[in-house]
Each structure stands twice: as C-alpha cells, then as structure tokens.
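Down below is the structure, laid out as structure tokens.
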Amino acid sequence: MSHELRAFLTSQGVATSRTTLYNPRRNGQVERYNGIILKTIMLALKSNNMKTEHWEEVLGFALHSIRPLLCTATNVTPHERMFNHPRRSFNGSSSPTWLTKTGPILMKKYVRTNKHDSLVEEVELIEANPEYAYVRLPDGRETT
C-alpha cells in the first residue's frame, strides 16, 4: 500500500494493516458462518422441495432467518453487531415470538452433574424484553 493511500485512509479514520493472502484455514470464523448460511439454504430448499440450483431464490429467506439469532459469545445479534442498533421487525421488536408470550419455554442448562443430564430444562417464562428474561425454575425459584 502506498504511503499516500495510507495517509488518506488514516485521515479518514480508516484503520489499515497488512494481512496474509486469503486462506480458509486462517479465517475460521468466516468459514464457520458460511457453513451456517449453506446449511440454512439447504434446509430451506429441502423444506420447499426445490432443487439445489435454485439456491438464489431462498438466499434472502435464509439470511433473514439467521440475522435475528442471538450470538451467545457477544450477546448481540449479527445485525446489532454490524449496525449497532437492534433490528426491527414487523411488530417493532427483534424479540422472537416465543420470547414475548408467558408460559413454558426451554432454557439451556449451563451446569450439569453428568453427561446424561439434559441440555435444557423446561421453565416458566414470567416476563421478558430484549434485555432480559425473568423465569421460574422447576424448583420454584425465580431468576433472570
């Protein structure tokens, strides 16, 4: 990169760095996300009894179904990470419908006593918003 180009980019607030040539093994996060997109496309094709050649027709639907999913590592959706604001849906919220109705839901168990314990447990959703969910555990305790 020329000195003039680097100076211009720096003056505009654009960070620059030297990188190696593209290699899929060196960019695991992108390759993993590409795999998620491909699996979603294949599922949409299979659900609609379509051939693989028609993948472009379901690409928009696949991306639309992936973008509102919460990333557990960052606790934000891909849309929020890229645009720094929550994604709006037809009802004005990016919360999934199952999280807006009270009643029984499945919650991931982070602590299990052995490998045969279930990965999820059924809890009762008391209240929820895009920031937190208030639930009643099977033993009667209430927590967020």
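We did not get these values from a lab; they are worked out from the coordinates using the rules stated. Note that the coordinates shown come from a computational prediction; the quantities given were computed from them, not determined experimentally. Note: ideal-geometry Cβ built from the backbone for every residue, glycine included; neighbour counts use all protein chains shown.
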Using the 2.2 N^0.38 Å rule of thumb for compact globular proteins, work out how the chain stacks up: its C-alpha Rg over that value, please.
1.45
Cβ-placed point charges (K, R +1; D, E -1), dipole of segment 3-83 about Cα centre in debye, nearest 20
320
Which residue, V120, V30, V111, tops the fluctuation ranking in a GNM of the chain built on C-alpha contacts under 10 Å?
V111
Residue separation between V120 and V14 times 0.36 nm, minus their alpha-carbon distance, gives in nm 33.8 nm
Env charge @ Y33, Cβ radius under 12 Å, K,R +1 / D,E -1, value +3
Compare the Cα positions of H64, A7, A44 along the charge dipole of the chain (+1 at Cβ of Lys, Arg; -1 at Cβ of Asp, Glu; about the Cα centre) and return the one farthest towards the positive end.
A7
FRET efficiency for M42 and L69, using Cβ-Cβ distance with R0 set to 22 Å, rounded to 0.05
0.80
Report, in deg cm²/dmol and to the nearest 500, the calculated mean residue ellipticity at 222 nm for the chain, where each DSSP H run with n ≥ 4 adds -39500 (n - 2.57) and the sum is divided by the residue count.
-10000 deg cm²/dmol
Here the net charge surrounding M50, from other residues whose Cβ is less than 12 Å away from its Cβ (Lys, Arg +1; Asp, Glu -1), is -1
At R0 = 30 Å the Cβ-Cβ FRET efficiency linking H54 and N27, nearest 0.05, sits at 0.60
Evaluated at q = 0.18, 0.19, 0.21 Å⁻¹: base-10 log I(q)/I(0), Debye formula over Cα of segment 97-143:
-0.56, -0.62, -0.73
